[in-house]
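These notes are about the structure you will find just below.
The values are calculated or read from the model by the stated rules, or taken from the named source; none is laboratory data. Every value quoted in this text rests on a predicted model; they were computed, and no experiment measured them. Virtual Cβ from ideal backbone geometry, glycine too; neighbours counted across all protein chains shown. Surface accessibility is based on the protein's heavy atoms, side chains included, excluding ligands, DNA and RNA. Shrake-Rupley method; radii C 1.70, N 1.55, O 1.52, S 1.80 Å.
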Amino acid sequence: MEPPENAAKDPLECKLVTLRGINWEQFKVIESQLEDKREIKLSYLAGVMEIMSPIGKTHEYIKSTLGLLLEAYMRSKNIRFYKRGGFTLEELGYAYGTPDESYCIGNDKEIPDIAIEIIVTSGTIDRRELYEPTKVPEVWFWKIDQLRVFHLQESGEYEEVSHSQFFPDLDLDLLVKYMGYLDQYDAVNEFVQVIRND
């Protein structure tokens, strides 16, 4: 199943502009000029800047559905969590970005345990590299009906894994299945029933 038809045909879906050869000072000037534009998402990595605008309905539908499903899972399994939202990750002179969602597991922390990005429009930046300076333990990427999980290794790089280290019993394919339901409410209810019967 797909997100709502009106979301899939959203005329305001994400547009991405990539600028190369931008130094950190130039990036910060542009960022300050756009700081009041919440519908614009900026990313920067080693001289490459991406401007995504506007954030469309499909993006928001997928993000909210994944968040609701994941939170339902954690509550069903009595896993304590703290929702951190789209925190700013920044390595001065090198990297800047904002995940779509993030969570601390067990207790609240300065750096979330999980960052989540919904990718509707692909860009140039390797988004895993954005998270390396801040050492977010796990990064999840949704793209084209696939959910990929990357775990931070001792080397400081991210490696794709088949299961989350925080939720080793969570079937990611099952999560993706319910993300595709037409009705978000029904998706969460049915998902909860399934995981409770496991």
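Tabulated values for the structure
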{"item": "Answer residue from the stretch 159-197, given it is touching a strand residue (DSSP E or B) at 6+ places or on another chain (Cβ under 9 Å) and open to solvent by 80 Å² or more (accessible area, probe 1.4 Å) and is nearest to residue 67 (Cα to Cα) among those", "result": "173"}
{"item": "Criterion (of a type in the set (A, V, I, L, M, F, W, C) and more than 26 Å from residue 198 (Cα to Cα)) met by exactly one of 69, 147, 152", "result": "152"}
{"item": "Residue satisfying all of: in the stretch 132-158; part of a strand (DSSP E or B) and among the charged types (D, E, K, R); least open to solvent (accessible area, probe 1.4 Å) among these", "result": "138"}
{"item": "Flag for residue 53 being open to solvent by less than 70 Å² (accessible area, probe 1.4 Å), in contact with a strand residue (DSSP E or B) (Cβ under 8 Å, 6 or more places away or on another chain), closer than 21 Å to residue 118 by Cβ and among the hydroxyl-bearing types (Ser, Thr, Tyr)", "result": "yes"}
{"item": "Single match in 27, 87 (criterion: more than 19 Å from residue 135 (Cβ to Cβ) and open to solvent by less than 30 Å² (accessible area, probe 1.4 Å))", "result": "27"}
{"item": "Some residue of the stretch 119-135 being touching a helix residue (DSSP H, G or I) at 6+ places or on another chain (Cβ under 7 Å) and not β-branched (Val, Ile, Thr)", "result": "no"}
{"item": "Residue check, residue 99 at pLDDT 95 or above, assigned to a loop (DSSP other than H, G, I, E, B) and out of contact with any Leu (no Cβ under 6 Å at 6 or more places or on another chain)", "result": "no"}
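Each row is one residue, and each column tells you yes or no for (1) assigned to a helix (DSSP H, G or I); (2) among the β-branched types (Val, Ile, Thr); (3) surrounded by fewer than 19 Cβ atoms within 10 Å (Cβ to Cβ).
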{"position": "38", "(1), (2), (3)": "no, no, yes"}
{"position": "59", "(1), (2), (3)": "yes, no, no"}
{"position": "68", "(1), (2), (3)": "yes, no, yes"}
{"position": "71", "(1), (2), (3)": "yes, no, yes"}
{"position": "78", "(1), (2), (3)": "no, no, yes"}
{"position": "82", "(1), (2), (3)": "no, no, yes"}
{"position": "93", "(1), (2), (3)": "no, no, yes"}
{"position": "112", "(1), (2), (3)": "no, no, no"}
